[in-house]
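Have a look at this one.
The values are calculated or read from the model by the stated rules, or taken from the named source; none is laboratory data. Computed from a predicted model, the values in this text were never measured in an experiment. Every residue, glycine as well, gets a Cβ built from its backbone with ideal geometry; the counts of neighbours run over all protein chains shown.
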Amino acid sequence: MTKEPSDTAPRGPFPPEEAMLAEPVPPELDAARTARLRAAWKAPTGWRYWSAVNNTEVGKWYSLTALFFMLCAGVMALIIRLQLAVPENELVSSDRFSQLFTLHGSAMMFLFAVPMFEAISILILPGMLGARDMPFPRLSAFGYWCFLIGGVFVIGSILFDAAPTSGWFMYPPLATQAEGPGSDIWLLGLSFIEVASIAAAVELIVGTLKCRPPGMRVNLMPLYAWYVMVVGGMILFAFPPLIAGDFLFELERSFDWPFFDPTRGGDPMLWQHLFWIFGHPEVYIIFLPSIAIAAMIIPTAARRPIVGYSWIVLSAVGTGFLSFGLWVHHMFTTGLPNISLGFFSAASEAVVIPTGVQLFAFLATLMAGRVKMSLPMLWIAGALAIFTTGGLTGLMLAIAPFDFQVHDTYFVVAHLHYTLFGGMIFPVMAGVYYFYPFIAKKLLSERLGRWAFWLIFTGFNVTFLPMHLTGLLGMPRRVYTYPTGLGWDGLNLVSSLAAFVIAAGFAVFVWDLVRPKGGQPLAPRNPWDAGTLEWTHDVPEETWGVRSIPHVTSRYPLWDDPALLARIDAGRYYLPDAETGRRETLITSVIDAEPMQIQRVTGPSWIPHVAAGFTGGAFIFPTFHLYWPAILCGICAVSAILWWLWRDTARPPAPEDEMRDAGLGLRLPTYAAGPSSAGWWAMWITMFGDATAFSSVIFGFFFYWTAQPDFPPPGAAHADGTGTALAALAFAAAWGLARAAQRLNRGGRREPARLALGAGAVAAAAGIGGLLLAVAPLSPSSHVYPAILCAIAVWIIAHAGLGIVMLLYCLAGSLAGKLTPRHDADLQNVMLFWHFLAASALVACAVLGLAPGLMTGGAP
Amino acid sequence: MSEEHAPRPEEDRREFAEETESLWRVTFAPALWALHFLACYGLVSLACARGLFPIGATRAGLVGLTLLVLAGIAWLGWRGFRQWDVHSTGRRANPGGHAEDRHQFLGHAAFLLAIISFIGVIFVSLPLIMLEGCR
C-alpha cells in the first residue's frame, strides 16, 4: 500500500467539541451559504426536469413507475380471477391465460418488488444517513431509465399478444421450445432490468458504507441501512446465477447451443438450479427491505428504541446466509436423492429461526413501549399477521412429503401470496403512509388510509385463505379453466369476488396518493415524533438533502440530542456551504464513519438517458434476431458511458482545490483513489457479482459432469491445447503489465507506465486470439460439451474486450492529464477489474485445457 | 483499541486493520455453515449421481466434518462472547458512540451469528444421520 502524500491528509479536530458546535454562525454568512447551496442543488426546470439526477427526483419516478407496473400486473390478476370465477369459462383463451399468469408473476417480481426496494431506498436512504445524495446519482438515473425501457418492453408485449407463456420461472424445454418471441422478451428484457438492479445494489451498498454522517459507527446505523447492506449483498450473489442462466438460455434460443436439450447432452435441471439459486434468495431480497421499514416504524410507534438491535442485525445477516441453502425446496419433485432433499428441507426449517427473531424483537419493542396505533402501525400489524400465516404454510411446504402432495396446486399459490402480501405489500404500504410526509411534505388521508387497509386486508384474506383448500382439493396452478363438480366452484367464485375488494382497496390508496393536495397544509416536519435523521428534512422542500451534515453519536439522534435539529438548520455542522458552486457530499470511513473526503457529486445530465437507450437497444434488438443493430447499440452504449466517465468522474482537482474546508475546522482532501474512494468500493462490489455469474457458468460445466455418465462424450473434440496455453500466458502477461503500469505511474514514471498500459492491451488481445484458436475446433450446436466450452470462452472474450477498453481509457487519461501519478483512481479501479479478469481467465483456461483430461483419464 | 483521534490518512485501512479479527469472526461462522452445507450437498451428489465414492463412507465422513465444523463455530462464538464482554461491563446492548461500543457490538453480533450457524449446521446434518442410501 502506497503512502498518501501528507499534504493531502485530513487535518483538524474530530470529533467536534461542544464549544465549536455552540458557536453561532453570523446571519449574513449563513444566508450567503444557504443561497450557494440552494443554487448548487437546484433541480432543473421545464423540460430539462427530466435530466434531473437528484435521489429525490429519480426515487419518485422509480417508485411511481414500479407502482404503475404493479397496477398493470394487478389488472392481469383480475382478468385471471375473472376467467377462473366459474368452471368452463371462455373469457380468455388458454394461450392468453398463459401470457397473463406468466406476466403477472414476472412483473410483480422483476418490475415491482425488487425495483420498489431500490426506489424506496434511493428515496429515503440518503435522508437516513444525513447524506446529500447517493454517491453516484447518474448511476441511479441510468438504472431508472433502463428499468423504464425494459419494463415497458416486457409488459407491453401482452398488448401485441406476444408475451411469454411458460410461467415466471421459464422452465425448459417448454420455454426453450416455445414459439414466437415471448421467451426471448422475458430473457433479454429481464436481463436488462437485472443489470439495472445490480447497478442500484452497488450504489446502495456503497452509499451505506461510505456516505454515513461523521460519527455513525456500524453499531449506530439505522436498521434500515443494515438491511439495505444485507439485501444489496444478496442481490450480488443471487442475480448473477440468473444472468448466467439467461446467457446460456439465450444462446440456446438464438444459436441452438443445446444447454438444456437432453437429446444432445443438455439438462433442463441446470436451469432449475440456476433459476432457484436466484429465486429463493429473491424472496428474502423482497422480504428483508420491507421488514426493514417495519424496523423503522415500530420504534416510532412504540416511542422507544428498538429492543434487541444486535439481534435484528443478526437475523438480517443470518437470514441472508441461510436463504441461499433453500433453493431445492422448489425442486422437491424432480427426483433428487432423498438425502439431498433432506438438507434443503432442514435448512428451510432453520431459516425460520432468524426470521422469527426479528418478529419477536418487534413484538418486544411494542410491548415495552407505549404504542400509538398510527396508520402506518396499522399496516405493520396487518403485515405481521399475514406474514406469520404465510410463514406457517411455508413450514408445511418445507417438509418434502407434504410438498409432494400439494406441489403445483393452489395451496402453493395461497402460501406465496401470504408471504408476499405480508412480507412486502403491507410493510411497503405502511412505509408509504409513514414516509409520505418526508417525500411529498404533505400527509396522506387518515380516513382513506383506514378504508384502504380494511378493504385490502379483508379482500386479501377472503381471496387467498380459501385457496389453501382449493389446492388441497387438488386444483393445479396455471390451468386456464376447470370442469365443474370437483368441489372447486364455490371456492373459486369467492376468491374471484374478493379479488375485486383488494382492487377497490388499491383504488382508494392510489386516489389518495395522486389526488391534488394543493389546498392541504404542509405536513409537520416530524409528524410521527421519530428519532432518526431523515426527519430533519426541510418543509417546504429543499433539494440539498440536508442543510449541514451532522455529527452523530447515537442510534436515535433526534431523540437523544435536542440541539441537533437547530444546529443542522443553522449550518453549524459539516459542509454548510457550496463555495465552488458544485454538488458535494461527505465520504466517511466504512467502520467508524470518520470524515475522509469531500466528494464531488455529479449533477443533471442527459448522458444517462443516452446510455440507457443504447443499452436497451443492445438487449431488445436480439429479441427479434436483429444482431447488427444490437451490436451497433452496444458500441454506442459503451461509447456513451466512456464519454460520461471521461468528462465527469475522477478528474484531478485544481491544485488550490486539493484540500477544502469541510466546516468545524476540518480540512479534507477532494480527491481519493483506491480503497479510500467510493468508486473503488463500487468496482469491488460489482466484480464480486460478476465473479458469481462466472462461477455459475463454471458450475454448469461441473454440473453436466456430475449428472451425466458420458461427459465429455467419448471421442469428442476438445479445446485446442496450444490456443488455451497461449491464452493463459497472454492474460497473465496482461495482468502483470497492468500491475506494472500502476506501480510505475505511482512512482512518477509516466512514460514507462503508458508503455505498459499499451502492451497490456496488446497482450489481452493476444489472449482473445488464443481463446478463439482454442475453441475453433469445436462445433457448439452438436453437443452440450463443446457448447459449454464455447460459452466459457465467449464470457472471457467479452470481459477481456472490456479490459482492453479500460486499459486504453487509462492510457488516454495519462496522455490527457486526467490520470497523474497522484490522481490514479481510474487505474486503481481498472486494476481491480483485472485482478478478477485474470483469475477468471485462468480458471477458464484450466477448465478448457485441463479438466477434460482429468475427467476422461487421459490427455485431451 | 483506539479512542477518539484526530483525522488521519487511510482511515479505512487502519480501521480494518484494527477490527480484522472481529470482522472475520462475524463472517466466519455463517461462512462455515455455508461450506458445510455445500460439502454435504456436493459430496452426496457426487456419491449418488456420479458414484464416485460409496454413500456409507460419505455419510460417515460428513458426520465427522460436521463435528469439526461445530467445534469451530463454538470456538468462534466463545471468542465473540468474550469480545462482547457483557460480564465485566454489564452492557447487553451497545448503543453508545465510542470505539468500545462498536467493538463490543461486533462481538455480540459474532456471538449471535455463531449460535444461529451452530443450529443451522445441526439441522442440515440431521438427514445424514436419519436417511440411508441414495433413494
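Working carefully through the options A:Leu125, A:Leu78, A:Leu67, find the one that is surrounded by 23 or more Cβ atoms within 10 Å (Cβ to Cβ) and either touching a residue at least 40 places away in the same chain (Cβ under 8 Å) or within 24 Å of A:Glu534 (Cβ to Cβ) (or both). Outline the logic, then answer.
Details: A:Leu78 fails: surrounded by 23 or more Cβ atoms within 10 Å (Cβ to Cβ); A:Leu67 fails: surrounded by 23 or more Cβ atoms within 10 Å (Cβ to Cβ).
Being surrounded by 23 or more Cβ atoms within 10 Å (Cβ to Cβ) and either touching a residue at least 40 places away in the same chain (Cβ under 8 Å) or within 24 Å of A:Glu534 (Cβ to Cβ) (or both) holds for just one of A:Leu125, A:Leu78, A:Leu67, which is A:Leu125.
For the stretch A:563-675, give me every one of the strands (runs of 3 or more DSSP E) that falls completely inside it and has 1 or more residues that are among the acidic types (Asp, Glu) and more than 14 Å from chain B (Cβ to nearest Cβ).
Details: elements: A:584-588, A:595-600, A:659-663, A:666-669.
In the stretch A:563-675, A:584-588 are the strands (runs of 3 or more DSSP E) which contain 1 or more residues that are among the acidic types (Asp, Glu) and more than 14 Å from chain B (Cβ to nearest Cβ).
Give B:His36, B:His108, B:His87 a once-over and let me know the one that is assigned to a helix (DSSP H, G or I) and at pLDDT below 90. Lay out the reasoning, then the answer.
Numbers: B:His36 fails: at pLDDT below 90; B:His108 fails: at pLDDT below 90.
B:His87 is the lone residue from the list that is assigned to a helix (DSSP H, G or I) and at pLDDT below 90.
Can you pull out the helices (runs of 4 or more DSSP H) entirely within the stretch A:1-116 that have at least 1 residues that are within 14 Å of another protein chain (Cβ to nearest Cβ) and closer than 29 Å to A:Pro214 by Cα?
Numbers: elements: A:18-22, A:27-41, A:55-84, A:94-106.
Because the criterion is at least 1 residues that are within 14 Å of another protein chain (Cβ to nearest Cβ) and closer than 29 Å to A:Pro214 by Cα, the helices (runs of 4 or more DSSP H) in the stretch A:1-116 that meet it are A:18-22.
Scan the stretch B:1-25 for residues that are more than 13 Å from A:Val590 (Cα to Cα) and either within 8 Å of chain A (Cβ to nearest Cβ) or not in a helix (DSSP H, G or I) (or both) and report the count.
Adding up the residues that qualify gives 9.
Quick check on A:Phe332: is it closer than 22 Å to A:Pro172 by Cβ and not hydroxyl-bearing (Ser, Thr, Tyr)? Show your work before the answer.
Working: closer than 22 Å to A:Pro172 by Cβ: yes; not hydroxyl-bearing (Ser, Thr, Tyr): yes.
In short, yes.
Determine whether the stretch A:109-123 contains at least one residue that is in contact with an Asp or Glu (Cβ under 8 Å, 6 or more places away or on another chain), closer than 30 Å to A:Leu565 by Cα and either among the aliphatic types (A, V, I, L, M) or modelled with pLDDT under 95 (or both).
yes
Follow-up question, since we're still on this one. Report yes if A:Gly232 is within 29 Å of A:Pro786 (Cα to Cα) and either modelled with pLDDT of 95 or more or buried (at least 24 other Cβ atoms within 10 Å of the Cβ) (or both), otherwise no.
Values: within 29 Å of A:Pro786 (Cα to Cα): no; either modelled with pLDDT of 95 or more or buried (at least 24 other Cβ atoms within 10 Å of the Cβ) (or both): yes.
Considered against the rule, which asks whether it is within 29 Å of A:Pro786 (Cα to Cα) and either modelled with pLDDT of 95 or more or buried (at least 24 other Cβ atoms within 10 Å of the Cβ) (or both), A:Gly232 comes out as no.
Looking at the stretch A:345-366 only, could you name the residues that are closer than 18 Å to A:Glu282 by Cα and more than 8 Å from chain B (Cβ to nearest Cβ)?
Those that are closer than 18 Å to A:Glu282 by Cα and more than 8 Å from chain B (Cβ to nearest Cβ): A:Ser348, A:Val351, A:Val352, A:Thr355.
Looking for something modelled with pLDDT under 95, surrounded by 21 or more Cβ atoms within 10 Å (Cβ to Cβ) and touching a helix residue (DSSP H, G or I) at 6+ places or on another chain (Cβ under 8 Å) - is there at least one such residue anywhere in the stretch A:624-647?
no
Here's something else I'd like to know. So for the stretch B:84-97 (the condition being within 7 Å of chain A (Cβ to nearest Cβ) and under 23 Å from the mean Cα position of the chain (by Cα)), does at least one residue qualify?
Restricting attention to the stretch B:84-97, the residues satisfying the condition of being within 7 Å of chain A (Cβ to nearest Cβ) are B:93-95, B:97.
If we keep only those that are under 23 Å from the mean Cα position of the chain (by Cα) as well, we get B:93-94.
Checked against the condition, which is being within 7 Å of chain A (Cβ to nearest Cβ) and under 23 Å from the mean Cα position of the chain (by Cα), the stretch B:84-97 yields at least one hit.
Is it the case, given these coordinates, that A:Leu789 is surrounded by 23 or more Cβ atoms within 10 Å (Cβ to Cβ), modelled with pLDDT of 95 or more and either among the small types (Gly, Ala, Ser) or assigned by TED's automatic domain parsing to the domain that holds A:Thr724 (or both)?
Working: surrounded by 23 or more Cβ atoms within 10 Å (Cβ to Cβ): yes; modelled with pLDDT of 95 or more: yes; either among the small types (Gly, Ala, Ser) or assigned by TED's automatic domain parsing to the domain that holds A:Thr724 (or both): yes.
Answer is yes for this residue.
Consider A:Ala498 carefully, then state whether it is under 19 Å from A:Thr393 (Cβ atoms), surrounded by 14 or more Cβ atoms within 10 Å (Cβ to Cβ) and either at pLDDT 95 or above or out of contact with any Pro (no Cβ under 8 Å at 6 or more places or on another chain) (or both). First the steps, then the outcome.
Values: under 19 Å from A:Thr393 (Cβ atoms): yes; surrounded by 14 or more Cβ atoms within 10 Å (Cβ to Cβ): yes; either at pLDDT 95 or above or out of contact with any Pro (no Cβ under 8 Å at 6 or more places or on another chain) (or both): yes.
The answer is yes for A:Ala498.
Does the stretch B:115-124 contain at least one residue that is over 21 Å from B:Ser22 (Cβ atoms) and more than 8 Å from every other protein chain (Cβ to nearest Cβ)?
yes
Any residue at all in the stretch A:674-694 that's surrounded by 19 or more Cβ atoms within 10 Å (Cβ to Cβ) and over 26 Å from the mean Cα position of the chain (by Cα)?
no
Okay, next question. Where residues in the stretch A:303-327 are of a type in the set (Val, Ile, Thr) and within 8 Å of chain B (Cβ to nearest Cβ), which of them is surrounded by the fewest Cβ atoms within 10 Å (Cβ to Cβ)? Outline the logic, then answer.
Residues of the stretch A:303-327 that are of a type in the set (Val, Ile, Thr), as a first pass: A:306-307, A:312-313, A:317, A:319.
Pick out the ones that are also within 8 Å of chain B (Cβ to nearest Cβ) and you get A:313, A:317.
Details: A:Val313: 25, A:Val317: 23.
Once the filter is applied, the top-ranked residue is A:Val317.
Still on this model: When the stretch A:700-736 is examined, which residues are found to be aromatic (Phe, Trp, Tyr) and without any contact (Cβ under 8 Å) to a residue 12 or more places away in the chain? If you could, list the steps in order and put the result at the bottom.
Going residue by residue through the stretch A:700-736, those that are aromatic (Phe, Trp, Tyr) are A:701-705, A:711, A:731, A:735.
A:Phe702, the sole residue that qualifies.
Could you tell me whether the stretch B:73-83 includes any residue that is at pLDDT below 85, surrounded by 15 or more Cβ atoms within 10 Å (Cβ to Cβ), more than 9 Å from every other protein chain (Cβ to nearest Cβ) and closer than 28 Å to A:Arg212 by Cβ? Don't jump to the end; show me each part of the working.
Here is the first cut: in the stretch B:73-83, the ones at pLDDT below 85 are none.
No, the stretch B:73-83 has no match at all.
Of all residues in the stretch A:549-581, how many are polar (S, T, N, Q) and surrounded by 24 or more Cβ atoms within 10 Å (Cβ to Cβ)?
Let us first name the residues in the stretch A:549-581 that are polar (S, T, N, Q), namely A:553-554, A:580.
Next, only the ones that are surrounded by 24 or more Cβ atoms within 10 Å (Cβ to Cβ) stay: none.
The qualifying residues number 0.
Okay, next question. Just checking: which of the helices (runs of 4 or more DSSP H) contained wholly in the stretch A:267-368 hold 1 or more residues that are β-branched (Val, Ile, Thr) and closer than 23 Å to A:Pro241 by Cα? Quick ask: steps written out before the conclusion?
Numbers: elements: A:268-302, A:309-322, A:338-350, A:352-368.
In the stretch A:267-368, A:268-302, A:309-322 are the helices (runs of 4 or more DSSP H) which contain 1 or more residues that are β-branched (Val, Ile, Thr) and closer than 23 Å to A:Pro241 by Cα.
On to the next question. Keeping to the stretch A:816-843, report how many residues are out of contact with any Leu (no Cβ under 8 Å at 6 or more places or on another chain) and farther than 30 Å from A:Thr724 by Cβ.
10
Right, something else. Got a sec? Which of A:Glu194, A:Glu179 is outside any helix (DSSP H, G or I) and at negative phi?
From the options A:Glu194, A:Glu179, the qualifying one is A:Glu179.
For B:Glu100, state whether it is surrounded by fewer than 20 Cβ atoms within 10 Å (Cβ to Cβ), in contact (Cβ under 8 Å) with a residue 60 or more places away in the chain and either within 11 Å of another protein chain (Cβ to nearest Cβ) or polar (S, T, N, Q) (or both). Write out each step before concluding.
Values: surrounded by fewer than 20 Cβ atoms within 10 Å (Cβ to Cβ): yes; in contact (Cβ under 8 Å) with a residue 60 or more places away in the chain: yes; either within 11 Å of another protein chain (Cβ to nearest Cβ) or polar (S, T, N, Q) (or both): yes.
In short, yes.
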